[in-house]
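Below is one structure, written out as structure tokens; the observations come after it.
Any read-out appearing in this document is the output of simple, stated calculations on the displayed coordinates, not a laboratory observation. Note that the coordinates shown come from a computational prediction; the quantities given were computed from them, not determined experimentally. Cβ placement follows ideal geometry from the backbone for every residue including glycine, while neighbour counts extend to all protein chains displayed.
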Amino acid sequence: MTTDLIKEADVKAPAPVHALEVRGLVKHYPGVKALDGVDLVVRQHEVLGLAGENGAGKSTLLKALVGLVRPDAGEIWVRGEKVRIKSVVDAAEHGIGMVFQEQSLVPNLTAAENIVLGSEGRGVRRGVYRWDAMRRLAQEQLDKIGSHIDPLARTDTLSFADRQMVEIAKVLRIEQRTSHPPVIILDEPTSVLESKEIETLFTQVRRLREFASVIFVSHRLDEVLDVCDRVCVLRGGESVGEVAAAGAAPGDLHRMMIGSTGSEDHYHDTAQRSEKTLRPMLQVRGLSGPTFRDVDLDVHAGEVVAIVGVHGSGREDVCRALFGAVPTTAGEVTLDGEKLDLSSTRAACAAGVGYVPAERKIEGMVGPMSVADNMTLTKQKARCTGPLVMPQKQASLVDAWITRLSIRTPNRGTAIQRLSGGNQQKVVLARWLVAGDIRLLLLDHPTRGLDIGARSEVYRLMRELADSGVATVLLADSLEEAIGMADRILVMSDGRATKEVACPSGGKPTPLDLVKEMV
Amino acid sequence: MKFTSRPAAVLAGLSLAAMALAGCSEEGGGGSAAAASGSCDPADVKLVGQVHNESNPYEASWLDGGDAFAESVDLTQERLTYDGDSTRQQEQISQLLAGDTDCLVMNILPNGDSDTAPIVEGAQEAGAYLVTQWNKPADLDVTEYDQWLSHITYNGIESGKQIGDALAEAIGGSGGIIALQGILDTGAAKDRFAGLEESLAANPDVELLDDQTANFSRAEALEVTKTLLTKHGDDIKGIWAANDDMALGALEALQQAGRTDVAVVGIDAVPDALTAIEDGTMTATVSSDGPWQGGIGLAIGYCVATGELSVDDIADEDRAWYAEQFLIEQDNVADFSAPATDESDFDCDNVFSRSQGPIS
Amino acid sequence: MTSPAEDVDVVAARPRPRRGVSFRDAGPPVALVVMFGVFSALSADFRTIGNVQNIMDTAAVLAVVTCGITFVLLMGSIDLSAPGVMGASALAVALLVANNRNDNDLGIIGVLVAILLAAALGCLSGLALVLLKVPSFMTTLGVSAIGLGVATLMFAGVQPNITDAMIESWAVDRFLGFSYLTWIAATCVLLGWSIQRYTRLGRYAFAIGGAEEVLSLSGVKVAPYKVAAFTLAGSFYGLAGVMVTSQLGAGLVQAGKGYDFAAITAAVVGGTLLTGGRGGILHSTVGVLLVTVLTNGLVQVGVSPYWQGGVQGLIVVAAVAAAVLPQRRRNQVTK
């Protein structure tokens, strides 16, 4: 059963068959064709990138490979053998393991337990733990990927990057069940990592190639091209082609993903207004809180101000403090000339402040509730007469916004958690648009986890809102995004606002200029 | 289609229910007419005894007494228990009253004071014969009803005082004692403790060192007594408990502490307490005579139902009265060791013979 | 609360990985020490050796019940079956060892049979939970009723008093100053801790409370472990029922009355959260001592019995609030 690493040399000999092959996989959900005859080949010891817009069928395909989704038609072949995968355990038996996008570790167990969970082997004898053996087992796995995590540390005390390592170490346990090199699926492994951590991860992925095949999924096309040997592109549930990573540019991939050339004007630059009304909407003076001190900030009506800074700069807390979600110790904030009450989120809502949280799935939406209910969560007035919900009133309002923002949903009653990430985010944004009387919008990583198409639409929305006179504070996902979207950029470092950089259309600074200010 | 039919169904249901209600009260009216005359055939009388639960010896012996009476008139008693749950008690009673109530006789131990009124109203409406015991709000007047034949209870002040005096005597008239109270917000606990205070006033050399609640529970009394023994040590000469369960818990605590010089008294005369009195480990208890209680309620109802006794003939002072209770000490414990009923107590001429006077 | 929400903070703060006891867990033990100190200062009777023995003896039964319930709470379930299960085991043991109702004299075998019966009732709770998918709140309430029913049937109107020398001696005889019951409880705590630390059952109970779906994704079937945890809890209740019988010298249907909520309170006060995945046997045991010291101290200090209930509740709420204070965040959802 068990494979020693030394044997890898033999297995590495030119393989006559593909590590994994998918033929004509079909999966229909009511109203949606998630997979419409996907073909995919994973060769031995290669890193295959999987690219596609949100809703292109990536997630469904991956879930089918590990038995979480039962396809309606099509075949899966593993090393030249047709297989049926009914569960995660089945998948493991065939040497397929997946690192899930939503990290799937038990937070209150040790890293070692998580790594061996479900296949403890000699770590448990007759139901009794042998911690030493378990630690050694886990250490073996961690050694494979060269990680130096303490196996007996509690998982919830580890950083995101370390947890990702633990997940990879855990997935590699499937080697215990098969004598062949495994296929490891990494679903959006970089979405929560910092750039340095991403670099470490890539090193690991390249190391994995030595003894396994990897399917790598990311919405960051530059990453995909960087780490993969070959990239397969999905569109609308079909495979539309593949490219060798060497020599390909993100634009090429993007063109395949959306079926045409990527928009030149990604950030809707032309819509950025040049002349400003000089009416300051938001005025922050000397704001101090748990992780920031003495922050001054002005945002005019119709202006987008991005706050940039490294981790620990305190920018997230400033943003949340303006919404009353983080306590402040000193400072004065006025909104449109009136003092803004920062004691509660309720007061902020009432004053016309909107907040789009980074943790969309946890703080931004109520998953099981319908699109309509999520959209009107804040602005109850729009659909109510007194305390009663008026379904017709709500329906017409919601439908209007679904059309206007082209939100792709079967209907307004669909649970929001069934929508793709981009469409979820549109609903969350629409919540503040529905409110109508919004004056200040705080966007905390509004495009996190979205693909290029969805991003572009979010950017267009932001421009529209700015045009209507809303003041926007943006915590961008990347420096490029900050530069592309902002009229002005505030640089924060160690809890203080250190520099303000003008960022007008046509006179944008380069990322390098900003980095110099940040560190 | 669905929408048109639903209101119709509701209407139909409501009118059916209204008809049923009307039918019931009509029947009830007939029943109360029968009450004055009381013309049931003895064989048609249905006897029901209802107590909290059968898992305590006192209430079990109560139901046994009911069975004994039922047997003496060739009937059987329906034994009901409701686990100290007011809702369940009311449900059981409404089920009874929904059936044939003309010759129904109920001997009920209401869960608490507040549960008595709805039971009485129900019986009055349905024309069933009702005797209640122990719990009744002071402002609920039995003479205002003609189906609620009688309410029997015991003078808690008297019992508290009786055992208080017995305890004082046992410790030689002077020394420290501790008191274990019942559930503090119940009338029984309040009255019994008031009785102890009367006894203390009469025995000035007896000092109450501490009073704690053990909620009528054996296990809690064990813990509380242990704690008080460490607190007061050898100063404790006697333990006054508001019921026998707590007295038995206190005895366990004394045994575990190796103390044999402490006198213990309780109330209720449960079998274990009688054994303890026989052994000499316990000093005294008071008996309300559970089997008699189980029989007497049914007997009064039976006499009225069969016409041997008329509600109008029952004196007002016999509609709500204190029954006689007995102080049990080592010299008379043998008389109470085997709980039994005396058939002559249940003769229709004799049913009020144990009255100690009306409830003031 | 789900962990991802906390992750946001974690990344920013980037704490060092840690193993041992955290500051967060220090609340209840500190509260215990403080409370002990306050009562000692206020009452000379409280700080006697005799009273400390008394506190430990009093805590014994609750400690055993809490050991059992902790495994269920760790999984994020709840168990209200203690009163029924304890009643059934109390009656069973009282009727199986030397007693005044029948001629049985099975001694230690009787104790084992009683515990087995209790384990079966616990198993029933677990099976109802995983097979019928009924929430544990309801299944255990039902099993408690079944247990009380079984106990009442065995009671049959006459209290069985035990005459078995061994069981009676448990509550009376002392070893190193503490009654045998206290030593039994200490053994249970040690056993419970070992199970929690060193067995798959214990660790999976943690994991089920932490992230049950991850276990399924890892190919672990959780149902057997849930049933096993309830069974284990049942056997602890069974032993507790035997211990109450030993204390009272008689088998009472009401042997376990109030122990369900007392145990949950003790566990929560000690830091075993109702949401599951946090705390453990040692936490719960500290909670048991806290609650017991509080009850004892209030009597020793001489607080009027009319005030004790209210004061006790107030202090428990304050203790829980203080214990969770370090974990509180703004906008936290509390259910």
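Between the residues C:Ala26, C:Val242, C:Val150, the greatest Cα displacement towards the positive end of the dipole of chain C, with unit charges on the Cβ of Lys, Arg, Asp and Glu, is found for C:Ala26. One Cα centroid belongs to the stretch C:178-248, the other to the stretch B:112-138; the line between them spans 48 Å.
Calculate the dipole size of the protein assembly as shown relative to its Cα centre from +1 charges on Lys and Arg beta carbons and -1 charges on Asp and Glu beta carbons; express the result in debye to the nearest 20. The partial results should precede the final answer.
On the way: 100 positive and 147 negative charges, 1875 e Å.
Result for the protein assembly as shown is approximately 9000 debye, rounded to the nearest 20.
Among the helices of chain C, those built from whole DSSP H runs whose Cα atoms reach 18 Å or more along their own axis and whose mean Kyte-Doolittle hydropathy is at least 1.0 are C:27-42, C:49-74, C:82-96, C:108-132, C:136-155, C:281-301, C:305-324. Between C:Gly50, C:Gly241, C:Gly280, the GNM of chain C built on Cα springs shorter than 10 angstrom shows C:Gly50 fluctuating the most. Candidate cross-link partners of C:Lys257 among the aspartates and glutamates, defined by an alpha-carbon separation under 15 Å and a same-chain spacing of 8 or more, comprise B:Asp83, B:Asp85, B:Glu220, B:Glu223, B:Asp245, C:Asp79. Taken along the Cα-to-beta-carbon direction at a fixed 7 Å, the label points for B:Phe326 and B:Arg259 span 3.1 nm.
Is the C-alpha gyration tensor of the stretch A:409-460 telling us rounded, prolate or oblate? Criteria: a/c under 1.5 is rounded; beyond that, a/b larger than b/c is prolate, otherwise oblate.
Oblate, because a/c is 1.5 or more while a/b does not exceed b/c.
What ranking do A:Arg346, A:Arg154 get, fewest neighbouring Cβ atoms within 10 angstrom at the top? Please report the intermediate quantities before stating the final value.
Working: A:Arg346 10, A:Arg154 19.
Ascending number of Cβ neighbours within 10 Å: A:Arg346, A:Arg154.
Rounded to the nearest Hz, the phi-derived 3J(HN,Hα) couplings of the stretch A:185-190 under the Karplus curve 6.51 cos²θ - 1.76 cosθ + 1.60 (θ = phi - 60°) are 9, 10, 9, 6, x, 9, where x marks glycine and proline.
Projecting the Cα atoms of A:Leu461, A:Thr110, A:Val304 onto the charge dipole of chain A, computed from C-beta unit charges around the Cα centre, puts A:Thr110 farthest toward the positive end. When only Cα pairs below 8 angstrom with a gap of at least 6 residues are kept, chain C shows a relative contact order of 32 percent. The charge dipole of the stretch A:5-258, taken about its Cα centre with unit charges on the Cβ of Lys, Arg, Asp and Glu (plus for the first two, minus for the last two), comes to roughly 820 debye.
Using 0.36 nm per residue, how much length does the chain from B:Glu197 to B:Leu209 gain when fully extended, once their Cα-Cα distance is taken away?
Numbers: separation 12, 0.36 × 12 = 4.32 nm, distance 1.27 nm.
Once the chain is fully extended between B:Glu197 and B:Leu209, it gains 3.1 nm.
Placing pseudo-labels 7 Å out from each Cα toward the beta carbon at C:Ala165 and B:Arg354 gives an inter-label distance of 4.2 nm.
Given axes a ≥ b ≥ c from the Cα gyration tensor, I'd like to know whether the stretch B:156-287 is rounded (a/c under 1.5), prolate (a/b larger than b/c) or oblate. The shape class here is rounded.
For A:Asp72 and A:Arg130, a Förster radius of 56 Å and the Cβ-Cβ distance give a FRET efficiency of 0.80, rounded to the nearest 0.05.
Suppose R0 equals 35 Å; then what is the FRET efficiency for A:Arg255 and A:Val366 from their Cβ-Cβ distance, rounded to the nearest 0.05?
Working: r = 37 Å, r/R0 = 1.05.
In this case the efficiency is close to 0.40.
Between A:Val83 and A:Ala350, the FRET efficiency from the beta-carbon distance, with R0 = 56 Å, is close to 0.45.
Say the cut-off is 24 Å between C-alpha atoms; which of A:Lys339/A:Lys516; A:Lys63/A:Lys170; A:Lys58/A:Lys144; A:Lys27/C:Lys133 go over it? Numbers along the way, then the final one.
Working: A:Lys339/A:Lys516 35 Å; A:Lys63/A:Lys170 18 Å; A:Lys58/A:Lys144 28 Å; A:Lys27/C:Lys133 30 Å.
Table pairs above 24 Å Cα-Cα are A:Lys339/A:Lys516; A:Lys58/A:Lys144; A:Lys27/C:Lys133.
Tell me the net charge near B:Asp85. Cut-off is 11 Å between Cβ atoms, B:Asp85 excluded, with +1 for each Lys or Arg and -1 for each Asp or Glu. Walk me through the numbers on the way to the answer.
Values: positive: B:Arg88; negative: B:Asp83, B:Glu91, B:Asp115.
Cβ neighbours under 11 Å give a net charge of -2.
For the Cα atoms of chain A, what angle does the longest principal axis make with the long axis of helix A:452-467, in degrees from 0 to 90, nearest 10? The helix A:452-467 is inclined about 10 degrees to chain A. When the charge dipole of the protein assembly as shown is built from unit charges on Cβ atoms (+1 for Lys and Arg, -1 for Asp and Glu) and taken about the Cα centre, the candidate among A:Tyr355, A:Val491, A:Gly337 whose Cα reaches farthest toward its positive end is A:Val491. Peptides C:287-298, A:237-248, C:179-190, ordered by how many other C-beta atoms sit within 10 Å of their residues on average, highest first, read C:287-298, C:179-190, A:237-248. Each Cα pair under 8 Å and six or more residues apart adds its sequence gap; the mean of these over the residue count of chain B is a relative contact order of 20 percent.
Under the definition of Cα pairs under 8 Å and six or more residues apart, what whole-number percent is the relative contact order of chain A?
15
Assuming charge only on the beta carbon of Lys and Arg (+1) and of Asp and Glu (-1), the dipole of chain A about its Cα centre is about 1460 debye to the nearest 20. Here the stretch A:196-232 and the stretch A:390-459 have alpha carbon centers that stand 32 Å from each other.
Placing pseudo-labels 7 Å out from each Cα toward the beta carbon at C:Asp105 and A:Arg418 gives an inter-label distance of 7.2 nm.
Between helix A:160-171 and chain A there is an angle of about 30 degrees, using the helix long axis and the longest principal axis of the Cα atoms. Going by a ≥ b ≥ c, the root eigenvalues of the Cα gyration tensor, does the stretch C:45-324 fall in the rounded group (a/c under 1.5), the prolate group (a/b larger than b/c) or the oblate group? Oblate shape, in that a/c is at least 1.5 and b/c is the bigger or equal ratio.
Just checking the output field for C:164-177: average partner chain Cβ neighbours within 10 Å of each residue's Cβ?
Working: counts 0, 0, 0, 0, 3, 0, 0, 5, 5, 1, 1, 0, 0, 0.
Across C:164-177, the average partner-chain Cβ count within 10 Å equals 1.
Within the protein assembly as shown, DSSP assigns beta bridges of which about 45% are antiparallel (rounded to the nearest 5).
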